[in-house]
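No value in this document is a laboratory result; all are computed from the given coordinates. What you see is a predicted model, and the numbers here were worked out from it, not measured in a lab. Neighbour counts are summed over all protein chains in view; Cβ atoms, including those assigned to glycine, are modelled from backbone coordinates with ideal geometry.
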Amino acid sequence: MTNPYAELAGMLAPERAGTQGLGGWLFGDVLSAGNGSLRVVCAGLTLTQDEIHVPPTLDYSWTVDRGESHFLRRGDRLIVLATPDGQEYYILQKAVYQ
């Protein structure tokens, strides 16, 4: 069984001399959310719900915005973790709650 904390620490480790990684902590911005669709801009890429991992504590599938704090909405700022190879993006949380 692998240790998820050791794996996370490895993803965040400083890069070896002479190399530059794409991973680490990033900010993302929600372009659109709702009705089962999500578009997030992060590191110059536009990512859809199929290209970014969304935690179960956040929701983009809502159809009627009832003002709930866990709904993702256009303009929300996100804290995102990217893998060093730039292939996986994980939304960790909203950067600011209103």
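Could you sort 77-84, 34-41, 59-66 so that the peptide with the highest average Cβ count within 10 Å comes first and the rest follow in order? Don't skip to the answer; put the middle values down first.
Details: 77-84: 17.6, 34-41: 16.1, 59-66: 12.1.
Final packing ranking: 77-84, 34-41, 59-66.
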Here the net charge surrounding R77, from other residues whose Cβ is less than 15 Å away from its Cβ (Lys, Arg +1; Asp, Glu -1), is +2
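What is the gain in length, in nm to one decimal, between V96 and D50 on full extension, counting 0.36 nm per residue of separation less the C-alpha to C-alpha distance? Show your work: numbers first, answer last.
Details: separation 46, 0.36 × 46 = 16.56 nm, distance 2.38 nm.
Extending this stretch completely gives an extra 14.2 nm.
Please give me the summed charge of the neighbours of E51: other residues whose Cβ is under 12 Å from its Cβ, Lys and Arg +1, Asp and Glu -1.
Details: positive: R39; negative: D50, E88.
Charge balance in the 12 Å sphere: -1.
Tell me, what are the semi-axes, in whole angstrom and largest first, of the equivalent ellipsoid of the range 22-94 as set by the roots of 5 times the Cα gyration tensor eigenvalues? Mind dumping the intermediate values first?
Numbers: eigenvalues 88, 24, 20 Å².
Output for the range 22-94: semi-axes of 21, 11, 10 Å.
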